[in-house]
Structures are given as structure tokens and as C-alpha cells.
Amino acid sequence: MTYAIIGFGQIGQALARAFARSGIDVSVATTRDPESFAADAAAIGPGIIAQKLADAVRADILFLAVRFESHPDVAKVLADWKGKIIIDVTNAYGIPPEQLGDQPSSCVVAQAFTGGKLVKGFNHLGAGVLGQDPAVQGGRRVVFLASDDEDAADKVGVLAETLGFSPVKLGGLSQGGLLVQARGKHWGQLIFKDMVRFD
């Protein structure tokens with residue numbers, strides 16, 4: 001499996017630190033020239049590789065860590081996302097539900113990435129918390145996952161565990177997924193809830 005983080009703001013960098021802690025290589029990309037952030041990527045760890053967006057999207061599993069409004073631009077990079085898993089880390093706070101066709105925001109994102117399998121995840125924690133070591137007093141920090149594709153959710157769950165987190169699946173995007181999605185100016189009930197699971 002190969003991995004990429006699309007977006008290198010605070011959330012993208014927090015995710016990159018999780019990969020660096022685990023010693024797993026990951027590509028990072030934005031719409032900017034990779035030379036403009038290559039030094040910041042290298043400072044996180046030697047396995048954090050700055051790439052052009054067109055190269056980074058070749059990965060098997062991609063974290064979409066851009067502003068919600070920017071997801072259509074990323075989706076246009078490939079005509080067909082078949083075989084790829086997109087982890088939707090965006091938050092559509094402030095976007096009126098009617099602008100989304102009264103669908104969950106992740107359903108809108110999924111429609112943009114034709115052929116891809118979408119998992120909502122890693123978006124309920126702020127960057128400051130997400131970037132911390134997920135090992136907490138003998139437990140592991142929880143990340144919530146929602147998807148209409150069980151196989152994709154399972155694969156992302158395995159990755160979350162490899163990164164040190166404890167994945168909790170919430171079901172489909174239109175059910176449990178609403179717990180971790182913004183609706184207009186209201187946050188889902190699990191947004192910003194920092195939970196730790198003890199096995």
C-alpha cells in the first residue's frame with residue numbers, strides 16, 4: 001500500500017507527523033510547487049516526501065486534508081479514481097445544507113471522486129490533538145470512521161491502528177457519518193471529542 005496526504009496545512013502536517021512516528025513513508029502534495037514546502041516536509045521526517053499533486057494521487061490511499069471548497073479541484077486531477085481509497089478529512093462547517101443538496105458533506109465529496117471509495121475519518125480532532133502521540137496513559141486515541149464501503153473502512157481501520165490510533169466505525173455516511181460532519185453552522189455530536197480507548 002502507498003499513501004499520500006493532499007493538503008499540507010495544520011491538519012495535513014499533523015497527519016504527516018503520525019506517519020513519521022510510525023516510520024511509514026507518505027507523499028504530501030498541494031496545488032503549489034513541492035519545492036515550496038519540501039523543507040517543512042523533511043523537517044517532520046525523512047519519509048515525508050513532497051510531491052506534485054499529479055504524482056501524489058498515484059497512491060492507493062489518500063487523505064483529503066484540504067478545505068471542503070477545494071475538493072472538486074483535487075477530484076479533477078484524475079478522471080477515474082477506481083481502486084483508490086479517499087479518506088475525507090474535510091469539514092464543511094458554514095456550508096448551508098441546501099448547498100449540499102441536503103446530503104452529508106462526505107456524500108458530496110464521494111460523488112466528486114468518481115470510482116473511488118470514500119471513508120470519512122480523522123476529521124473530528126483539531127490539528128493540535130491529532131498531531132500528538134496517540135498513545136495516552138496506556139490507551140490509544142480514538143479516530144472515528146464512516147463509510148458506505150465496508151472493505152474500505154476495514155483497510156483504513158488497519159492503517160489507523162498502524163499509526164497508533166484506535167479506530168471506531170460508525171456505519172454509513174448518512175447514518176453514523178453525520179456524527180462527525182458539520183451541517184451548516186452546527187457540528188456533529190462527536191466533533192472535537194477527544195476519546196481514548198483502553199483495551
- Message: Tally up the residues in segment 80-101 that are assigned to a loop (DSSP other than H, G, I, E, B) and of a type in the set (S, T, N, Q), please.
- Response: 2
- The strands (runs of 3 or more DSSP E) lying wholly within segment 106-199 that contain at least 2 residues that are in contact with a Phe, Trp or Tyr (Cβ under 7 Å, 6 or more places away or on another chain) and either of a type outside the set (K, R) or farther than 21 Å from G9 by Cα (or both) are 139-147
- Quick one: count up the residues across segment 114-152 that are buried (at least 24 other Cβ atoms within 10 Å of the Cβ) and either among the small types (G, A, S) or closer than 18 Å to G83 by Cα (or both). 6
- Message: Just to check your reading of the model, which residue among A4, A14, A42 is surrounded by 15 or more Cβ atoms within 10 Å (Cβ to Cβ), modelled with pLDDT of 95 or more and in a helix (DSSP H, G or I)?
- Response: A14
- Task: Could you tell me which of the residues D55, D60, D25, D80 is free of Cβ contacts under 8 Å to residues at least 40 places away in the same chain and out of contact with any Gly (no Cβ under 6 Å at 6 or more places or on another chain)?
- Result: D55
- From the set of residues in segment 55-79 that are touching a Ser or Thr at 6+ places or on another chain (Cβ under 6 Å) and part of a loop (DSSP other than H, G, I, E, B), which is farthest from A4 (Cα to Cα)? D60
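The values are calculated or read from the model by the stated rules, or taken from the named source; none is laboratory data. Keep in mind it's a predicted model, so treat the numbers as computed, not measured. Backbone-built Cβ (ideal geometry, glycine too); neighbour counts: all protein chains shown.
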